Amino acid sequence: MRDGVASGPETLVRDVLQGLAEGRFVPGQRLIEPDLMARYGLGRSTVREGLGRLAASGIVVQMPHRGAQIRLLSRRAATDVLRVTEPLLGLAARQAAEAVAAGIDPAPLVEALHAYDAAPPGERPRARGRYYRALTQLAGNAELERLLPMLQVHLIRAQLRLNRPAGGAARKALVSAVARGAPDAAEAEARSYIRALIAALPGLPDSAFAPE
């Protein structure tokens, strides 16, 4: 990142993540270097650096002689990711509510929620990112800000695009609890939605997942 402008590798990484959210990229899809070079106007070394960053974050797998592919999670891997996400997101909600109880204004989180709910489909990935950043920033925990974006929740969201429980009501309940300064309720709301996702996984078709 230079002077607020994303570098070539960062441009590739951001667009792949946004494309996962929008359905332009899907888990299991191959990422062919010449195609990426032409699409983004980048050199081969820059594309490889971007793919390396995606691989380091668990979004892409790089296979000898086959190139890069967006990771398709197995049912067990998806469950494990969500089991790790549940306590971390719950902690973020709890600490955000504690901050409000201590006098911090929850307005940025409330505004981010409203923007997320009102965003058209093409803007929802950015609005979602702003919402979760507002939550972790209100929590004031630098480790949560570092760890939560590293989880492969965007892969699960992409794989379960048509099958996951609606999250709007859960977000509103979470933000309402945070805005009241109610840590127990905020954590419970955050964790309950993730538990609903975990509970939905066994009933989904095998075609939604990689083989175990």
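The values are calculated or read from the model by the stated rules, or taken from the named source; none is laboratory data. Given the structure is predicted, the values throughout are model-derived calculations rather than measurements. In this analysis, Cβ positions are derived from the backbone assuming ideal geometry, glycine residues included, and neighbour counts consider all displayed protein chains. Ligands, DNA and RNA are stripped out before the accessible areas are found, and what is left, the full protein with its side chains, is counted by its heavy atoms. Shrake-Rupley method; radii C 1.70, N 1.55, O 1.52, S 1.80 Å.
How long is the gain from ARG126 to ARG66 if the chain were fully straight, where each residue apart is worth 0.36 nm and the alpha carbon distance is subtracted?
Extra length from ARG126 to ARG66 when fully extended: 18.5 nm.
Which residues in the stretch 119-156 place their backbone N less than 20 Å from a point set 7 Å from the Cα of ALA107 along the Cα-to-Cβ direction?
130-140
Placing unit charges on C-beta atoms (Lys and Arg positive, Asp and Glu negative, everything else neutral), compute the dipole magnitude of the stretch 65-212 about its Cα centre in debye, rounded to 20.
520
Using label points projected 7 Å from each Cα along Cα→Cβ, tell me how many nm separate MET37 and GLU22, to one decimal.
2.5
Excluding ligands, DNA and RNA, what is the solvent-accessible area per residue of the chain at a probe of 1.4 Å, expressed in Å²?
51
Given a 1.4 angstrom probe, I'd like the percentage of the accessible area of the stretch 117-212 that is carbon and sulfur, rounded to a whole number.
56
What is the percent of Cα-Cα separations in the stretch 145-212 that go past 16 Å?
Of all Cα-Cα pairs in the stretch 145-212, 57 percent lie more than 16 Å apart.
Counting only other residues whose beta carbon sits under 9 Å from that of GLY67, what net charge do I get with K and R as +1, D and E as -1?
+1
Determine the dipole magnitude for the stretch 91-162: charges of +1 sit on the beta-carbon of Lys and Arg, -1 on that of Asp and Glu, nothing else is charged, the reference point is the Cα centre, and the result goes in debye to the nearest 20.
Once rounded to the nearest 20, the dipole reads 380 debye.
Amide H of SER74 versus every other amide H placed in the peptide plane: which residues, excluding those fewer than 5 positions away on the same chain, fall under 5 Å?
Residues meeting the amide H criterion: ALA210.
Between (1) 37, 37, 33; (2) 58, 41, 39; (3) 54, 47, 30, which entry matches Cα extents along the principal axes in Å as derived from the coordinates of this structure?
(3)
Provide the per-residue ³J(HN,Hα) series for the stretch 187-204, in order, calculated from phi with Karplus coefficients 6.51, -1.76, 1.60 and θ = phi - 60°, each as a whole number of Hz, with x at glycine and proline positions.
Using θ = phi - 60°, the values come out as 5, 4, 5, 4, 6, 5, 5, 5, 5, 5, 5, 4, 5, 7, 4, x, x, 8 Hz.
To the nearest 20 Debye, how big is the dipole of the stretch 1-124 about its Cα centre, given +1 on the beta carbon of each Lys and Arg and -1 on that of each Asp and Glu?
760
Any number yet on Rg/Rh for the stretch 38-96, C-alpha, Kirkwood?
Taking Rg over the Kirkwood Rh, I get 1.16.
Arrange the residues HIS114, HIS65, HIS154 by how much accessible surface each exposes, largest first, with a 1.4 angstrom probe.
HIS65, HIS114, HIS154
Quote the FRET efficiency, to the nearest 0.05, computed for SER176 versus ALA142 with a Förster distance R0 of 30 Å and r equal to the Cβ-Cβ distance.
According to the calculation, E is roughly 0.70.
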